[in-house]
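Worksheet: the structure to be examined is printed underneath.
The values are calculated or read from the model by the stated rules, or taken from the named source; none is laboratory data. If you're wondering where the values come from, they're calculated on a predicted model, not measured in any experiment. When we count neighbours, we look across all protein chains shown, and the Cβ atoms used for this are built from the backbone with ideal geometry, even at glycine. Surface accessibility is based on the protein's heavy atoms, side chains included, excluding ligands, DNA and RNA. Shrake-Rupley method; radii C 1.70, N 1.55, O 1.52, S 1.80 Å.
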Amino acid sequence: METPFAYSLFCFKIELLKLEVMRMLSKHHSIQRDQLEMITLDQLVPANHLVRKMEASIDFIFIYDLVIDMYSEVGRPSIDPVILVKLTFIQ
């Protein structure tokens, strides 16, 4: 059985290898990687995208009434049923 120090040293070596691989795979200098770019979701979705057209023309609120008996108040929160229907609709 390995000692805690040997295991810690092993983990440290693995982390160093990960960093070295990331450095080799990166095309950018470290200064460029550390810069943040602030963007909004609106900037990522084009103005004529299907999702924007769907949001403007269909009101999905009625779905909550249809599925109210299928969702429990207990446990982890589930995925929003409107999101699930939109995903299926877009497919």
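Yes/no matrix, rows are residues, columns are (1) at pLDDT below 85; (2) open to solvent by less than 100 Å² (accessible area, probe 1.4 Å); (3) not aromatic (Phe, Trp, Tyr); (4) not in a loop (DSSP other than H, G, I, E, B):
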residue	(1), (2), (3), (4)
Glu2	yes, no, yes, no
Ser8	yes, yes, yes, yes
Cys11	yes, yes, yes, yes
Glu20	yes, yes, yes, yes
Gln35	yes, no, yes, no
Asn48	no, no, yes, no
Arg52	no, yes, yes, yes
Ile68	no, no, yes, yes
Ser72	yes, yes, yes, no
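Look at (1) modelled with pLDDT of 85 or more; (2) open to solvent by 90 Å² or more (accessible area, probe 1.4 Å) and you find that Thr40 fails only one, number (2).
Every condition in (1) surrounded by 10 or more Cβ atoms within 10 Å (Cβ to Cβ); (2) assigned to a loop (DSSP other than H, G, I, E, B) holds for Leu84 except the one numbered (2). Of all residues in the stretch 71-91, those satisfying the criterion of being touching a residue at least 12 places away in the same chain (Cβ under 8 Å) and of a type outside the set (A, V, I, L, M, F, W, C) are Pro81, Lys86.
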